[in-house]
Structure formats: structure tokens, C-alpha cells
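Structure first, then comments.
What follows draws every value from the coordinates through simple rules; no lab data is involved. This structure is a prediction, so every number in the text was calculated from the model and none was measured. Note that each Cβ is placed from the backbone with ideal geometry, even for glycine, and that neighbours are counted across all protein chains shown.
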Amino acid sequence: MPRFVVGSHDGGFQNVEAAELASLRNSLVGEVLTPNDIRYNEVRRVWNGMIDRHPGLIAQCASADDVQQVIRFARERGLLVSVRGGGHNIAGNSLHDGALLIDLSPMNSVQVDPEARTATVGPGATLGDLDGATQAHGLATPLGINSTTGVAGLTLGGGFGWLSRSLGLTIDNLIGAEVVTAAGDRVWCDADTEPDLFWATRGGGGNFGVVTSFKFALHAVGPEVMSGPVVFDGERAAEILRGYRDACANCPEALSVWAVLRAAPPMPFLPEEVHGQPVVLLPGMYQGPMEEADAAFASFRALAEPVGDAFGPHPYAAFQQAFDPLLTPGARNYWKSHNFKGLSDDLIDTIADFAGRLPSKHSEIFLAQMGGATNRVATDATAYPHRDAEFVLNVHTRWLNPADDDACMAWAREFYDATLPYSTGGVYVNFISEGEDRVHNAYGPNYARLAAVKAYYDPTNFFRLNQNITPAR
């Protein structure tokens, strides 16, 4: 009879006999795939093309009961487990060679209560799934900027996007969550029930269990919003970024404007001669009355003569998908990141310098404008601590040919080192490509409490294939 080799917690391997595998399959509504199954290679793929790992088994869970069964199966045998929601994590921590993968992608339901203005969301849902369901009622919750991102991973790291300055982070709108713990127990947590677990879930990643359901508060948004980019010549990057910084200082909270430095994609509103040339895009969205948006955005439009301007009325759900063509799965991605309290002239000059020598036509530098509602929450109110950040830098290095790996990653690391002196030292956990030391930077003063919560809910570090928090001893 065939047997399957799966990684174990002690660093070795365990044999899973055919009879054991059959028992697991019979206990689940979902499927269990082995490396011999025809769908195995398709299912194991994740967004980042640099990640090519081979789980020992893949359990495609269809319910919280399935998750419980898989966790108990793994615990009894000492098996190493990883967990995947949308599979969008830059570091690819959801995949590990030889591990048992808990695949939550089938659990993608979204249930909207328009009267209570809440949404109950499965861990396999994407941002597009959630936006599509909520926008049917003219509602939304703050999410990221790429519709194929998984709701679970985004939320567990904090989550920010176009609505965050006016409505807070994704975790600031999380009402509660159902978690399957390392012991295999299903636990509901919110501000009153298991409050330590709820606190840790809001930014602490997948360290404390498998979230099988999220409940979010919703807000009236759209269905049409004033949004879109104004685009400037990249040769004037330093000048534009200085003007951007000054305009942000007087920006109403209803308006969120980011800065993106890259080669111009073939956007239909850009002249063909601009395509592929260096540009600075200032995409913005106004969460307020449509008639007020042009005045709020005017200072950004006036920074210089634009090469393109698409700021205007768009469906909110469509704007949430506007950057999808630049973030399609399969490309090779390597990210570095910093938080900044401000943009000094020297920092701007450094950013402009590196933007002038991007290592590939797909790479970009973006600055996400924070502040507003995101910074009116106490540092220790949630696991996510970065309530002083005014800008988040993502060094988004992206390319297609594996032969370019060394050059692209070297450029990103050099840029990271050059901008480190201007940073707070903190980092957004969802933007970490590598480096265990950066986990401490992701949580700063909240790390000790997170380690204590980890020790209570997962003392053996059962959930360790993540941006890991070591249980306190």
C-alpha cells in the first residue's frame, strides 16, 4: 500500500499510511490531495512566482469542521502544517516543502447583512469577493488595492487601502472572528469574548490559530466614487514628490493619495509615446460628496503639467481592481518596506535616484499615504502598532526572468539600506519578503504581549510556518 512522507515538528519526516489518509479523507467534506493527484501542481501555486514548494499533502477545507479535523490529524501525528488563504503573501509562507497544507480557498463565502451593516467572510475570500458582495448594497469596509488579495492574510497583518484615512485599517473594522486553535478547538473572539486572542488577531498574523470566519463592520461607500491617477513626467520625480509631500500635509481625511514611481504602463488615457517611460503616478480616491472631490484633489493636479489625468467618477469596485493588471500572478516578486513619519528632502532625493534606475520595467516604488483615522488608534490597542506612520514605502521589485533574480534583489536591498536612516524602524508585516529579525520590527512594543498570547494559545508553536512569533517561556 502507498504511503506519503510529510514533514514533522521535530524537523524530520513522518510516514502517513494509505489507511490513515483514507480516514482523513472520509472525515472531510473537502478534498485531500497528494503529490500524485492531477490537480496537485495547480493547487499548490501561489501568487509570487519565486515560490515553488511542494507540500507533502494538501487538505482543501470546505468548513470550520474540516479545519478542526485536519489540525487534530496533524497534532496526533506531529505533522508540520502551513495555512493558505488567498495565497498572495509575498514571502510564500503558506507553502513549505513536505508540510501538510491547510488550504482555505474553498471557504470563500461572503454574507452581507445590509441592515446591520456587517459582512461575515470566509478565509478563502478575496478582496474582489468581498467588494462584489458589499457593493451590491452600496457598502464597503477598508481593504487593500488588489482585488485578488486574500481577505484573511490582509486582515491578519493589519490591512490598509484607499478607505483607511477616513475609516481606519481593515482590523479597525473587524468586529470578531472564529478561530480554530492549535488544540483543535473552535473559539469565537471579539472585544468581550477571548479579548486577548481578538487583540492578537488584529495584526498578529496566523500565529494563534486558523481563522475560519471574519465579521466586519461596513460603511456607506459608492457605488461611484471620485478616483483615479494624475500622471507626471518621471524626470521630475524629486520635484513632484516634494509637492506631493506638501499637498499631503493639507489633505482632507476623505482623500487618500499615493505616489507610484515606475515605467508607464499602457493605460488608455496616456499618450502612446509615454508608455514605458518613467512616470510618477498619484492615484487618489475621495470618500465624500462627489462635488467636493475636485477641489480636494486640486493641489495634487497643480504640481506640474500632467502627461495624463484620469481622476474622475468611477465605480468603487472597478477602482479597487484598477491595479490588478500590474499585479497578475506568476511574476517573480521581492519586496522591502519602511514606515516614515515624514518625507525629508534627502529621503525624496534618494527615492528619486533609485526610481531613475529601476531594475526591470515591472518594478515600482510606491508610497502609501497613511494618517487620519489609522493614527487615531493607540499603539497598544491592536497587535498592529504602527499608528505613527504617515507614509508606508513598498519597494516592489517585480520581474519575469529567473536570470534577473540577483540583480533585482540587490537593487531592492540597496534601496532599503539607503532609506533605512529615514525610517521609524517599523515595517508592515505583510510586506516582509525575508528576514526573521524584521518580525520584531513589525510588532515593536507589542511583541512581548504577542509572545505571551502565543504561549497561551499555541505553546508548542504548532503554527510556525508564518512570520513567526515565538511563544514566551
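Here r is the Cβ-Cβ distance between residue 361 and residue 292 and R0 is 25 Å; the resulting FRET efficiency, rounded to 0.05, is 0.10. Given +1 at the Cβ of Lys and Arg, -1 at the Cβ of Asp and Glu and no other charges, the dipole of the range 110-221 around its Cα centre is 300 debye to the nearest 20.
Over the chain, the reciprocal of the mean inverse Cα-Cα separation, the Kirkwood hydrodynamic radius, stands at 22.8 Å. Compared with the dominant principal axis of the Cα atoms in the chain, helix 345-355 is inclined by about 70°. In this structure, residue 34 and residue 113 have a Cβ-Cβ separation that, at R0 = 41 Å, corresponds to a calculated FRET efficiency of about 0.55.
As a proxy for reagent exposure, ranking 31, 42, 390 by other Cβ atoms within 10 Å from fewest up yields 42, 31, 390.
For the range 192-295, a simple Cβ point-charge model (Lys and Arg +1, Asp and Glu -1, everything else neutral) yields a dipole of about 340 debye relative to the Cα centre. As a proxy for reagent exposure, ranking 102, 348 by other Cβ atoms within 10 Å from fewest up yields 348, 102. 3J(HN,Hα) couplings calculated from phi for the range 443-452 with the Karplus curve 6.51 cos²θ - 1.76 cosθ + 1.60 (θ = phi - 60°) are, in sequence order, 10, x, x, 8, 4, 4, 5, 4, 5, 5 Hz; Gly and Pro show x.
Of 336/361; 215/454; 215/336, which sit over 28 Å apart, Cα to Cα? Over 28 Å apart, Cα to Cα: 215/336.
The convex hull of the Cα atoms of the range 382-439, projected and averaged over all directions, covers 4.8 nm². Convex hull of alpha carbon positions in the range 204-319: directionally averaged projected area 9.8 nm². Look at the dipole of the chain built from charges on Cβ: of 109, 457, 425, the Cα furthest out on the positive end belongs to 457. Only one residue of 189, 318, 221 has its Cα farthest out toward the positive end of the dipole of the chain, where Lys and Arg carry +1 and Asp and Glu -1 on Cβ, and that residue is 189. Normalised by the number of residues in the chain, the mean separation of alpha-carbon contacts (under 8 Å, six or more apart) gives a relative contact order of 15 percent.
For a straight C-alpha distance cut-off of 16 angstrom, the aspartates and glutamates reachable from residue 341 (same-chain residues fewer than eight places away being disregarded) are 246, 388, 390.
Net charge in the neighbourhood of residue 296 (other residues with Cβ under 13 Å of its Cβ; Lys, Arg +1, Asp, Glu -1) is -2. Mean residue ellipticity at 222 nm, helices only, the chain: -7500 deg cm²/dmol; runs of at least 4 DSSP H residues each add -39,500 (n - 2.57), and the sum is divided by the number of residues.
Computed from the C-beta positions of residue 72 and residue 404 and an R0 of 41 Å, the FRET efficiency is 0.40 to the nearest 0.05. The eigenvalues of the Cα gyration tensor, multiplied by 5 and square-rooted, give the range 232-280 an equivalent ellipsoid with semi-axes of 24, 13, 7 Å from largest to smallest.
Taken over the range 280-327, the ratio of Cα radius of gyration to 2.2 N^0.38 Å equals 1.22.
Over the range 224-431, the alpha carbon radius of gyration divided by the compact-protein estimate 2.2 N^0.38 Å works out to 1.00.
State whether the range 364-473 is rounded, prolate or oblate according to the following rule on the C-alpha gyration tensor (a ≥ b ≥ c being the square roots of its eigenvalues): a/c under 1.5 gives rounded; otherwise a/b larger than b/c gives prolate, and the remaining case gives oblate. In terms of gyration-tensor shape, oblate. Taking the average, over residues, of other Cβ atoms within 10 Å as the packing measure, peptides 150-159, 291-300, 173-182 rank 150-159, 173-182, 291-300 from highest down. Computed about its Cα centre, the charge dipole of the chain is approximately 960 debye, with only Lys, Arg, Asp and Glu carrying charge at their Cβ.
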